[in-house]
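Chemist: Okay, handing you the structure first.
The values are calculated or read from the model by the stated rules, or taken from the named source; none is laboratory data. If you're wondering where the values come from, they're calculated on a predicted model, not measured in any experiment. Positions of Cβ are generated from backbone atoms using ideal geometry, with glycine treated the same way; all protein chains shown enter the neighbour counts. Please note that ligands, DNA and RNA were not included when accessible areas were found on the heavy atoms of the full protein model with its side chains. Shrake-Rupley method; radii C 1.70, N 1.55, O 1.52, S 1.80 Å.
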Amino acid sequence: MTTGAAGTGTAGAAGVPRLSVRGLSKRYGSIQALDAVDFELRAGEVMALLGENGAGKSTLVKVLAGLVAPDAGAVAIDGRDVDLFPSARSQAAGVAVVHQEYSLVPAMSIAENLVLGQGDAPDLWLPWRLAARARRLLEAVGLAHLDPRTRVERLSVAEMQLVEIARLLGRDARILIFDEPTAALADREIERILRVIRRLADEGRGVIYVTHRLAEVFRLADRVTVFRNGRSLPALPTAELDVAGVITMMLGRELGTMFPGHGQPAGAPVLEVEALEAPGLTAPVSLQVRAGEILGLTGQLGSGAADVVRCLAGLAPPAAGRVLLARRPVRLDSRAAALAEGLAYCSADRKRDGIFFGRPIRENLTAPWIGRVARAGLIAPAAERVAATPVAARFAVDVRRLGTPVGAMSGGNQQKVAVGKWLGAAPRVMLLDEPTRGVDVGARAEIYRRLRELCDEGMAIVVASSDTAEVFGLSDTIGTFYRGRLTELRPRAGWTEDAVVREVMHEEAPA
Amino acid sequence: MTAPRADAPAAGQAGRPGGAEAARLWPIVALASLAVLVIAAMAVTPNFLSVENLRGILRNAAIVGIVAVAMAPVTLSGSFVSLGVTQSAMAAMVGFVVLIGWGWPDWLAVGAVIAGMVAIGMVQGVLVAAGLNPVITTLAAGAILFGTVSELTGGRIVRMGPARPAWGGGEVLGIPLEILVLVLFTGAVTLLMSRSVIGRQTILVGANRATAAVSGISHARVTLVAFAVFSVGLALAGILNAAAFGEAMANSLTGLTFSVIAALLVGGIAIQGGAGSPWQAAAGAVLIAVISNMMVLNDFSPGGRLAVQGAVVVAAVVLIDQVRRRRARG
Amino acid sequence: MVTKRTFLSAIVAAMIAGPAATAVAQEISGEGKSLVMFTITASNIYGANQIKGAQMEAERLGFALTVFQNNFSQPEQDQQVQQLIASGMKPDAIIFWPWVADAAINANRQLSRLAPVIQLTQEPNEQQWPFVQAYSGANQILIGRTLGEMMIGAREAARAAGMSFKQPGGALLVFQHPAGEKTGTERMKGFLEVTAGEPFSIIHTEFGPNSPESGYEIGSAVIPRFKGQFDFLFVSNQQAANGIIRALKENGIEPGRDVMIVSGDCSGTLDAVKNGETFGTGIQPAAVEGMLAVRTAAKFIHNGRIEGDIIQMPVEAEAPPLDPGPPARYNYMPHAPAIGADGVANTMIWGFTADEICAG
């Protein structure tokens, strides 16, 4: 078994590409998902795949993974034409996909997970062989320090992601596809994953890296292929590009600035938090937000920034401290209580608790405040439509599609619904946890702009995010968290983006 | 794994039009299969279309339909199904017979049985709202009810005697009472689910309990209301059956649990909640009654009838699953 | 082979029962000997009455009776048999109603090693007989005959009322026990025997109804189909008949005037017999069956053997004194017809009225 795989080519080397796709087309109903796409991946390179949601990159990944059969076009691996459908053929051809969702079995050991689904492992029922093999694979992903007998449920999210990668290496993959592998990770863990991916490419594999995070692209990728409306643009070396240029390519137009301007918060604080102690926090937290102000809280995953927001939302009752809303103390012992006080909340995981996936957009938008539309407990459909329309319009959701299940929309549109639904409740404070996770660039800018508008109308907004660029770009005031403690809190003017990143790392500079 | 991905493939910002249509597809599939069945029934079954037979079908569907419609809110709210349907409806039936036998006026007995059933249902609702598994809670409640009634009656058949209400098994304006109640009750519960705040909240809780909680929707309140509606349906079914037969016992209404769940599933109400409308449960009950009637008229054995009924449920569930998958895939 | 085994177990049983043989009494005295009974749940009216009768008789005779009830489930009964064996209890006789005869053979075998087995309600089949000493219970052929006689009576009454029949001898619609169940086939045998002189024309046989609900469900499908084509209905029991009557009325057929109904046994309310909607029903006294089973067991313990093929108990208003002689191979309980309100009012078997027997 050679984890090193065949091929010695390096980035930029001439010769036969590891993977070449020519004229690939795929149609779903009336939508041309892929339109005569050309794509090339060399051995030893990391190719970033960029594009807004629905631009076609996910469909290309599915074709390569053998999950859908293309309508037309050809795929060649190492110069030989291959048929990748169904997925067993794709795997046999050496293609492996690392998804955002993990397919590991939490209750089983690392070693057992590493051989799951691999029929051709004759001697692996012997525990020592299993462990030996596991160790080899763990070493390849920088997890040599872990005991293969450890159960997967005890690993951190990043470690799970790495085990997932190790598992694919076990299949002798020549082409690795990463589909937003860092979506759920904090900066330091991202660094770890990126290092492993770089090494895997250096060993001769071809790596396709799908992401929304441009910073990672410039940190990792050798070349970039941008998808737009089902078509592929010619690949360009990362070295020849800058962020603005990539965004322009993705959108097909100038984005202007990603972040809207900043507000002029004034007057008395709307929300005052005094010596708050809550689950996930190791020290009391005090902060204030004024009307028209966006307060950004940032830190690594598990640093406490998200816990403050969850506590204020009434999802994790505080153990001590006072919370004042317009100078009046509020009870936060249940979500319903917090909501009644006018505290809107949008979680980091919209599919889990942000939207009703199979229900129409209209019902999603009115869910928290349907009582306001009703008369004597009854809903008049016309009244509901009238009430939902401005809310949808406010967050740039197509008002003609209010009857469509929200799950049928793109991730960006889902997020707009998840955030926008609160407008009808006329909240005083909007609490957001990772407001743009898994959202494409266009929708992201849209959401930032709408949040700023709300602020300008007098709302107070608290954003928790592990994306330091987002917090720095969006906030009027920035607070940093480290290990459950609020370490710094000052107006944006007192920060640089580098300072925010350094504070979040808290002296532990990245290697 | 890839099906419900948030950033689904191929959907441009304009999205896909197919999803909403697929959502509306199931009732059409159900109605179409009902039509096909009726045509098939006419072809192979003599007398199928006679007024008497059709009325018989509806009357037989009525009791199952009323309970299935009543259970729809429980299922829609994500509390799956009750496994104590037979025993609960039986308790209502025995209760009504006993009260009439004691000489209570009809209206008082009806009120008392409904109130009693709602009380029993609310207890179950409280337990489920507190986090107990609904399937196990209802199963246990059913066992307790059966055991209690069985002990109290000593296995005997209880009778109304001469006080048996004249309206039992009767007709109003030429429409059999059960069918009238089914139609009115279905209309009421369907409207409750589609046009009231609590109904909307019931469906949203079933669609995603976590999102509902974040949106300030009370799972406990939804669950209690769902169990209350369910109990009213159970009481109505028990009362109608008791009035029609004038007698009841602990072993009455055997098989009702299965028939009701079957009606719900065949009607296309999602077993995990969050999708469907109560009228579909009534349609499911009628569909099953048609199939059952065809089989009786074509000399199927009781075992054969049960097997076919089971097969229909499996077919319906598979079909619904396919429709849903397609919808998720777009 | 069969006789030899029976013989052997009879000897074993006789040895167990040995000391009892010395007791001289007009009636048998149980002297605290223990009986075990396997039957259906008391939440069923038939089971409840049977258990009540058995308990009364066991107490009267001085036996200790333990009852195992199953909820119409052979697996449950099998478990109970295992539990009895594991308990180390050594009963002097076992009264056994196997819920599913074919599936209960192993239970029969195991019980026969523990004590003599008196089989109840369900006549033993060929495979069961080697493990059973005697049968005690209903005589299904007799019930069929009784039913046939009532049906002939119904025909005479109909003729007297000037009813004209749709078929020679009267068109008969049959609602029978589930297809293949021995109870139904035996009863039909007796019915055909008695009506051989002027047979009814059976136009259709429907299987399965056993409760008012299922009687109504099946009736409301079958009756429209045969409307206007039948004069008489043969229904397995009165409970099912009560549901079928509802279906008849809804289809504009007046039972007792347009058609005549006879039901095989009476579990269910007798209102319809009293008001003439049902011409007559067979009174099958479950309590008497329970009493008789205890008596059969007592007689076997007392004598250690059987003698003769059949003892058919006659219909008597009060329970006759217990004959201390050995039981027969088949010990049949009494079975009486009840026609009309008078019939119901005047029927009394072993101290039980028809209403007590049928509806409890």
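Chemist: Restricting the search to segment A:285-342, which residues are aliphatic (A, V, I, L, M) and without any contact (Cβ under 8 Å) to a residue 24 or more places away in the chain?
Modeler: A:VAL330, A:LEU332, A:ALA336, A:ALA337, A:ALA340
Chemist: Return the residues of segment C:25-83 that are in a helix (DSSP H, G or I), away from chain B (no Cβ under 13 Å) and basic (Lys, Arg); say none if nothing qualifies.
Modeler: Matches in segment C:25-83: C:ARG60 only.
Chemist: Is it true that C:GLU76 is open to solvent by less than 40 Å² (accessible area, probe 1.4 Å), out of contact with any helix residue (DSSP H, G or I) (no Cβ under 6 Å at 6 or more places or on another chain) and not β-branched (Val, Ile, Thr)? I'd like the intermediate steps shown before the answer.
Modeler: Working: open to solvent by less than 40 Å² (accessible area, probe 1.4 Å): no; out of contact with any helix residue (DSSP H, G or I) (no Cβ under 6 Å at 6 or more places or on another chain): yes; not β-branched (Val, Ile, Thr): yes.
In short, no.
Chemist: What do you reckon, is A:ALA33 buried (at least 19 other Cβ atoms within 10 Å of the Cβ), at pLDDT below 90 and in contact with a strand residue (DSSP E or B) (Cβ under 8 Å, 6 or more places away or on another chain)?
Modeler: So A:ALA33 passes the test.
Chemist: Which residues, counting only those in segment A:16-69, are of a type in the set (Asp, Glu) and away from chain B (no Cβ under 14 Å)?
Modeler: Initial filter on segment A:16-69 (of a type in the set (Asp, Glu)): A:35, A:38, A:40, A:45, A:52.
Matches in segment A:16-69: A:ASP38, A:GLU40, A:GLU45.
Chemist: Taking segment A:315-340 as the search range and keeping residues that are open to solvent by 40 Å² or more (accessible area, probe 1.4 Å) and under 27 Å from B:ILE198 (Cβ atoms), which one is nearest to the other protein chains (Cβ to nearest Cβ)?
Modeler: Step one: of segment A:315-340, the residues open to solvent by 40 Å² or more (accessible area, probe 1.4 Å) are A:315, A:317-319, A:321-322, A:326-329, A:331, A:333-334, A:336, A:340.
Pick out the ones that are also under 27 Å from B:ILE198 (Cβ atoms) and you get A:315, A:317, A:331, A:333-334, A:336, A:340.
Numbers: A:LEU315: 7, A:PRO317: 14, A:ARG331: 14, A:ASP333: 13, A:SER334: 9, A:ALA336: 5, A:ALA340: 7 Å.
Within segment A:315-340, the match that is nearest to the other protein chains (Cβ to nearest Cβ) is A:ALA336.
Chemist: Out of A:ALA396, A:ALA464, which single residue is under 23 Å from A:VAL500 (Cβ atoms) and in contact with an Asp or Glu (Cβ under 6 Å, 6 or more places away or on another chain)?
Modeler: A:ALA464
Chemist: Oh, and also: Could you list, in sequence order, all residues of segment A:52-80 that are modelled with pLDDT of 90 or more, touching a strand residue (DSSP E or B) at 6+ places or on another chain (Cβ under 6 Å) and not in a helix (DSSP H, G or I)?
Modeler: A:PRO70, A:ASP71, A:ALA72, A:GLY73, A:ALA74, A:VAL75, A:ALA76, A:ILE77 - these are the residues of segment A:52-80 that are modelled with pLDDT of 90 or more, touching a strand residue (DSSP E or B) at 6+ places or on another chain (Cβ under 6 Å) and not in a helix (DSSP H, G or I).
Chemist: Looking only at segment C:169-201, how many residues end up being touching a residue at least 12 places away in the same chain (Cβ under 8 Å), hydrophobic (A, V, I, L, M, F, W, C) and farther than 23 Å from B:LEU297 by Cβ?
Modeler: Here is the first cut: in segment C:169-201, the ones touching a residue at least 12 places away in the same chain (Cβ under 8 Å) are C:169-179, C:182-184, C:186-195, C:198-201.
Keeping just the survivors that are hydrophobic (A, V, I, L, M, F, W, C) gives C:171-175, C:179, C:188, C:191-192, C:194, C:200.
Applying the additional criterion that residues be farther than 23 Å from B:LEU297 by Cβ yields C:191-192, C:194.
The number of residues fulfilling the criteria is 3.
Chemist: Okay, moving on. Can A:GLY412 be described as facing chain B (nearest Cβ under 10 Å), open to solvent by 10 Å² or more (accessible area, probe 1.4 Å) and over 21 Å from B:SER196 (Cα atoms)?
Modeler: no
Chemist: Before we move on, is A:ALA376 of a type in the set (A, V, I, L, M) and either open to solvent by less than 20 Å² (accessible area, probe 1.4 Å) or farther than 28 Å from A:ALA305 by Cβ (or both)?
Modeler: So A:ALA376 passes the test.
Chemist: Only one of C:ASP342, C:ASP323 is part of a helix (DSSP H, G or I), without any contact (Cβ under 8 Å) to a residue 40 or more places away in the chain and open to solvent by 20 Å² or more (accessible area, probe 1.4 Å); which? Show your work before the answer.
Modeler: On the way: C:ASP323 fails: part of a helix (DSSP H, G or I).
Every option except C:ASP342 fails the conditions.
Chemist: What single numbered condition from (1) at the interface with chain B (Cβ under 10 Å from one of its Cβ atoms); (2) touching a residue at least 60 places away in the same chain (Cβ under 8 Å) fails to hold for C:GLY219?
Modeler: C:GLY219 satisfies all of (1) at the interface with chain B (Cβ under 10 Å from one of its Cβ atoms); (2) touching a residue at least 60 places away in the same chain (Cβ under 8 Å) except (2).
So that you can scan it fast, the table gives a plain yes or no per residue for (1) small (Gly, Ala, Ser); (2) more than 7 Å from every other protein chain (Cβ to nearest Cβ); (3) not in a helix (DSSP H, G or I):
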| residue | (1), (2), (3) |
| --- | --- |
| A:ARG352 | no, no, no |
| A:ALA367 | yes, no, no |
| A:GLY371 | yes, no, no |
| A:ARG385 | no, yes, no |
| A:ALA392 | yes, yes, no |
| A:ARG400 | no, yes, no |
| A:LEU423 | no, yes, no |
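Chemist: For segment A:81-115, what are the residues that are more than 14 Å from chain B (Cβ to nearest Cβ), touching a residue at least 40 places away in the same chain (Cβ under 8 Å), open to solvent by 20 Å² or more (accessible area, probe 1.4 Å) and in a loop (DSSP other than H, G, I, E, B)?
Modeler: A:PRO106, A:ALA107, A:MET108, listed by residue number.
Chemist: Would you please name the residue that is farthest from the other protein chains (Cβ to nearest Cβ), looking only at residues in segment B:200-209 that are in contact (Cβ under 8 Å) with a residue 12 or more places away in the chain and buried (at least 22 other Cβ atoms within 10 Å of the Cβ)?
Modeler: Only one residue fits best here, namely B:THR202.
Here is a yes/no grid of residues against (1) surrounded by fewer than 16 Cβ atoms within 10 Å (Cβ to Cβ); (2) more than 19 Å from the chain's Cα centre (by Cα):
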position: B:ALA130; (1), (2): yes, yes
position: B:VAL135; (1), (2): yes, no
position: B:PRO165; (1), (2): no, yes
position: B:GLY174; (1), (2): yes, yes
position: B:THR211; (1), (2): no, yes
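Chemist: Would you check if A:THR366 is closer than 20 Å to A:MET258 by Cα, touching a Lys or Arg at 6+ places or on another chain (Cβ under 9 Å) and of a type in the set (Ser, Thr, Tyr)?
Modeler: no
Chemist: Please tell me if C:ILE253 is at pLDDT 90 or above, among the aliphatic types (A, V, I, L, M), assigned to a strand (DSSP E or B) and out of contact with any Cys (no Cβ under 9 Å at 6 or more places or on another chain).
Modeler: Judged against the criteria, C:ILE253 is not a match.
Chemist: Taking the conditions exactly as written (open to solvent by 20 Å² or more (accessible area, probe 1.4 Å) and away from chain C (no Cβ under 11 Å)), does B:GLN280 satisfy them or not?
Modeler: Criteria not met by B:GLN280.
Chemist: In the set B:VAL110, B:VAL36, B:VAL94, B:VAL67, which member is closer than 16 Å to B:ILE288 by Cβ, in contact (Cβ under 8 Å) with a residue 12 or more places away in the chain and either open to solvent by less than 60 Å² (accessible area, probe 1.4 Å) or out of contact with any Gly (no Cβ under 9 Å at 6 or more places or on another chain) (or both)?
Modeler: Residue meeting the stated conditions: B:VAL67.
Chemist: For A:ALA396, indicate whether it is aliphatic (A, V, I, L, M) and open to solvent by 10 Å² or more (accessible area, probe 1.4 Å).
Modeler: So A:ALA396 fits the description; yes.
Chemist: Now for a different question. Only one of (1) out of contact with any Leu (no Cβ under 9 Å at 6 or more places or on another chain); (2) more than 14 Å from chain C (Cβ to nearest Cβ); (3) closer than 30 Å to C:GLN238 by Cβ fails for B:ALA119. Which number is that?
Modeler: It fails just one condition, (3).
Chemist: Which condition breaks for A:ASP78 when tested against (1) open to solvent by 20 Å² or more (accessible area, probe 1.4 Å); (2) touching a residue at least 24 places away in the same chain (Cβ under 8 Å); (3) farther than 18 Å from A:ARG171 by Cα; (4) more than 26 Å from the chain's Cα centre (by Cα)?
Modeler: The number of the failed condition is (3).
Chemist: Residues B:VAL183, B:VAL197: which one is within 10 Å of another protein chain (Cβ to nearest Cβ) and on the phi < 0 side of the Ramachandran plot?
Modeler: The match here is B:VAL197.
Chemist: Further, regarding this structure: Does C:GLU198 satisfy the criteria of being farther than 20 Å from C:ILE261 by Cα, out of contact with any helix residue (DSSP H, G or I) (no Cβ under 7 Å at 6 or more places or on another chain) and not in a helix (DSSP H, G or I)? Before the answer, list the steps.
Modeler: Numbers: farther than 20 Å from C:ILE261 by Cα: no; out of contact with any helix residue (DSSP H, G or I) (no Cβ under 7 Å at 6 or more places or on another chain): yes; not in a helix (DSSP H, G or I): yes.
Considered against the rule, which asks whether it is farther than 20 Å from C:ILE261 by Cα, out of contact with any helix residue (DSSP H, G or I) (no Cβ under 7 Å at 6 or more places or on another chain) and not in a helix (DSSP H, G or I), C:GLU198 comes out as no.
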